[in-house]
Amino acid sequence: MTLHLYNTFLRAKEPFAPIDPSNVRMYVCGPTVYDLAHIGNARPVIIFDVLYRLLRLIYGEGHVTYVRNITDVDDKINAAAREKNVPIAEITAATTAAYHADMAAIGALPPDHEPRATETIPEMVAMIETLIQKGHAYAADGHVLFAVQSFEDYGKLSRRDQDELIAGARVEVAPYKKYPGDFVLWKPSDADTPGWDSPWGRGRPGWHIECSAMSKKHLGVTFDIHGGGRDLIFPHHENEVAQSVCANAAPFARYWVHNGFLTVEGEKMSKSLGNFRTVRQELEKAPGEAIRLAMLKTHYRQPLDWSDDSLKEAREAVGKWYRAYREVTGGAKYEGEASVPPAFAAALCDDLNTPEARTLLDAYAGEVFTAKTPAAKEVALKHLLGAANLLGLLTQGPDDWFHSEKGALEPAEIERLIAARIAARKGKDFAEADRIRDELAAAGVILEDRPGGVTEWRRA
Ligand code: AMP
Ligand code: ZN
């Protein structure tokens with residue numbers, strides 16, 4: 001089973017061969033912490049979480065290092081602090097905590113390292129000094145700029161020529177720039193803006209150097225996979241390549257993996273367009289596992305149009321798989337060992353073919369429903385769970401799923417009404433039993449009577 005990944009650098013799918021199979025290394029650009037994450041920001045988190053889980057399956061849990069940074073120094077953060085009139089540290093701490101909670105709610109494993117830009121300033125300054133010494137950067141007017149013309153391969157990742165590069169970057173033609181395409185490594189800070197002492201005066205880093213320094217610190221100069229949304233290819237990743245290759249005199253990331261956009265009515269979801277919905281808003285509508293499935297049913301490189309209908313459809317599909325699960329365990333979490341079916345691993349190894357994986361999950365759930373004996377049902381469940389868990393799905397017990405979904409009635413109240421209905425039936429008061437069933441139905445709770453007088457419930 002060989003993993004194949006589409007490498008943006010080659011514009012082709014290729015077999016994945018890590019530098020060191022005992023330590024597969026992946027870096028993904030993390031959030032700039034000035035505001036709540038929107039559901040578009042969650043797309044790379046979920047995609048690279050699936051890739052992380054797959055790498056851990058192939059190479060072993062202790063043999064993958066996943067780094068996702070926190071950008072906690074940025075002009076958008078400074079602007080948000082000014083607007084809300086609160087200290088910068090308050091904004092970054094609160095936003096980081098919210099990010100952690102939201103990403104946990106959508107089932108993403110935490111990365112192995114989560115460096116913060118503000119903890120990596122000395123490494124950034126050292127890298128900028130090296131770039132100056134090697135003639136790839138120059139200081140001017142309190143700024144330090146990267147001289148793109150000093151790097152022959154500039155533009156190779158994004159496949160743009162110099163004119164397009166300048167247009168694409170919407171670069172400011174500042175007087176201190178020797179060439180319009182040169183980009184900022186360091187800029188001066190006034191007294192009201194966060195700043196650190198440096199050989200070029202008190203200032204702060206540009207965004208691109210942050211990732212070059214943080215990836216080097218935690219993964220070394222050359223590592224396996226670098227990921228992020230496709231909007232980052234240019235200028236962010238192009239500039240990371242330039243900085244890292246020139247400073248380290250070594251190759252940088254070997255496989256570049258980029259997810260497509262999450263869109264709303266065909267337009268990229270973004271803060272600036274104002275067409276965004278936060279992860280929190282979506283979690284009000286559906287559980288995290290439904291959000292994951294809605295995200296994964298489209299291949300990661302395709303655009304994905306987000307809608308309430310697709311979220312609802314995903315929620316129903318996950319609910320159906322939990323019903324299959326409940327057929328075997330009666331609602332409890334399965335304690336046996338699950339196993340990943342080879343066909344499922346093969347689908348994910350084909351450049352994360354999650355649409356195919358989803359079809360297979362439906363088939364495995366179908367096998368649970370149709371299996372004739374308890375033993376055969378359990379075998380089918382092992383496949384369903386092994387497969388689903390690899391996508392971060394079916395990670396709780398069926399009762400937890402059916403009972404945690406938001407509804408008008410609390411689970412304790414539902415249990416009380418079910419007990420009252422059972423008592424009414426025992427006393428042959430069928431009118432009362434039906435009335436309770438109707439009351440629950442009106443609150444969106446569906447009852448399923450099982451053999452042996454057991455009644456199970458789920459939200460509609
Ligand atoms: P940002 O905080 O804007 O730098 O975004 C954080 C991550 O989310 C980056 O990997 C972006 O590429 C990604 N991202 C932002 N908006 C979208 C979107 N609408 N669809 C997919 N990925 C996105
Ligand atoms: Zn980055």
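Here are the numbers for the structure shown:
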{"read-out": "Residue tally, condition near ligand 1 (Cβ under 10 Å from one of its atoms) and over 16 Å from the mean Cα position of the chain (by Cα), over the range 41-75", "value": "1"}
{"read-out": "Test result for residue 124, closer than 22 Å to residue 192 by Cβ, within 28 Å of the chain's Cα centre (by Cα) and not assigned by TED's automatic domain parsing to the domain that holds residue 389", "value": "yes"}
{"read-out": "Filter result for residue 89 (within 19 Å of the chain's Cα centre (by Cα) and farther than 20 Å from residue 227 by Cα)", "value": "no"}
{"read-out": "In the range 419-444, residue farthest from residue 397 (Cα to Cα) [restricted to those that are buried (at least 17 other Cβ atoms within 10 Å of the Cβ) and out of contact with any Asp or Glu (no Cβ under 9 Å at 6 or more places or on another chain)]", "value": "433"}
{"read-out": "Where a residue in the range 105-121 is crowded, with 19+ Cβ neighbours inside 10 Å and its partner, wherever it lies, is among the hydroxyl-bearing types (Ser, Thr, Tyr), with Cβ under 6 Å and at least six apart", "value": "111/66; 117/71"}
{"read-out": "Tabulated pairs, the range 5-21, first more than 17 Å from residue 238 (Cα to Cα), second surrounded by 12 or more Cβ atoms within 10 Å (Cβ to Cβ) and of a type in the set (Lys, Arg), C-beta under 6 angstrom, 6+ apart or interchain", "value": "6/13"}
{"read-out": "Candidates 193, 222, 278, 298, filtered to the one that is within 12 Å of ligand 1 (Cβ to nearest atom), at negative phi and of a type in the set (Ser, Thr, Tyr)", "value": "298"}
{"read-out": "Condition check for residue 118: hydroxyl-bearing (Ser, Thr, Tyr) and either under 30 Å from residue 286 (Cβ atoms) or not assigned by TED's automatic domain parsing to the domain that holds residue 67 (or both)", "value": "no"}
{"read-out": "Odd one out for residue 181, checked against (1) at pLDDT 95 or above; (2) farther than 30 Å from residue 307 by Cα", "value": "(1)"}
{"read-out": "Check on residue 307, outside the structural domain of residue 26 (by TED's automatic domain parsing), surrounded by 15 or more Cβ atoms within 10 Å (Cβ to Cβ), among the hydroxyl-bearing types (Ser, Thr, Tyr) and under 20 Å from the mean Cα position of the chain (by Cα)", "value": "no"}
{"read-out": "2 or more residues modelled with pLDDT of 95 or more, over 23 Å from residue 37 (Cα atoms) and not basic (Lys, Arg): qualifying strands (runs of 3 or more DSSP E) within the range 214-312", "value": "223-229, 253-259"}
{"read-out": "Residue match in the range 39-58 (condition: among the polar types (S, T, N, Q), more than 16 Å from ligand 2 (Cβ to nearest atom) and either in contact (Cβ under 8 Å) with a residue 60 or more places away in the chain or in contact with a helix residue (DSSP H, G or I) (Cβ under 6 Å, 6 or more places away or on another chain) (or both))", "value": "no"}
{"read-out": "Matching residues in the range 76-109 - criterion: being touching a helix residue (DSSP H, G or I) at 6+ places or on another chain (Cβ under 9 Å) and either within 16 Å of ligand 2 (Cβ to nearest atom) or outside the structural domain of residue 43 (by TED's automatic domain parsing) (or both)", "value": "77, 99"}
{"read-out": "Verdict on residue 192 being outside any strand (DSSP E or B), at pLDDT below 95 and under 20 Å from residue 72 (Cα atoms)", "value": "yes"}
{"read-out": "Members of the range 12-31 that are away from ligand 1 (no atom under 16 Å from the Cβ), out of contact with any Leu (no Cβ under 7 Å at 6 or more places or on another chain) and assigned to a loop (DSSP other than H, G, I, E, B)", "value": "17, 18, 19, 20, 21, 22, 23"}
{"read-out": "Criterion violated by residue 393 - all others in (1) surrounded by fewer than 20 Cβ atoms within 10 Å (Cβ to Cβ); (2) in contact (Cβ under 8 Å) with a residue 60 or more places away in the chain satisfied", "value": "(1)"}
{"read-out": "Residues satisfying the stated conditions in the range 1-22, i.e. more than 16 Å from ligand 2 (Cβ to nearest atom) and touching a His at 6+ places or on another chain (Cβ under 6 Å)", "value": "13, 15, 22"}
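Yes/no matrix, rows are residues, columns are (1) in contact with a helix residue (DSSP H, G or I) (Cβ under 8 Å, 6 or more places away or on another chain); (2) under 30 Å from residue 26 (Cβ atoms); (3) more than 16 Å from ligand 2 (Cβ to nearest atom):
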site: 163; (1), (2), (3): no, no, yes
site: 196; (1), (2), (3): yes, yes, yes
site: 206; (1), (2), (3): no, yes, no
site: 237; (1), (2), (3): no, yes, no
site: 249; (1), (2), (3): no, yes, yes
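Let's see how each residue does on (1) of a type in the set (Ser, Thr, Tyr); (2) buried (at least 20 other Cβ atoms within 10 Å of the Cβ); (3) under 26 Å from the mean Cα position of the chain (by Cα); (4) not in a helix (DSSP H, G or I):
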site: 364; (1), (2), (3), (4): yes, yes, yes, no
site: 369; (1), (2), (3), (4): no, no, no, no
site: 372; (1), (2), (3), (4): no, no, no, yes
site: 380; (1), (2), (3), (4): no, yes, no, no
site: 383; (1), (2), (3), (4): no, yes, yes, no
site: 389; (1), (2), (3), (4): no, no, yes, no
site: 402; (1), (2), (3), (4): no, yes, yes, no
site: 412; (1), (2), (3), (4): no, no, no, no
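The values are calculated or read from the model by the stated rules, or taken from the named source; none is laboratory data. Quick caveat, the model's predicted, so the values are computed rather than measured. No Cβ is skipped: glycine too gets one built from the backbone with ideal geometry, and neighbour counts run over all protein chains shown.
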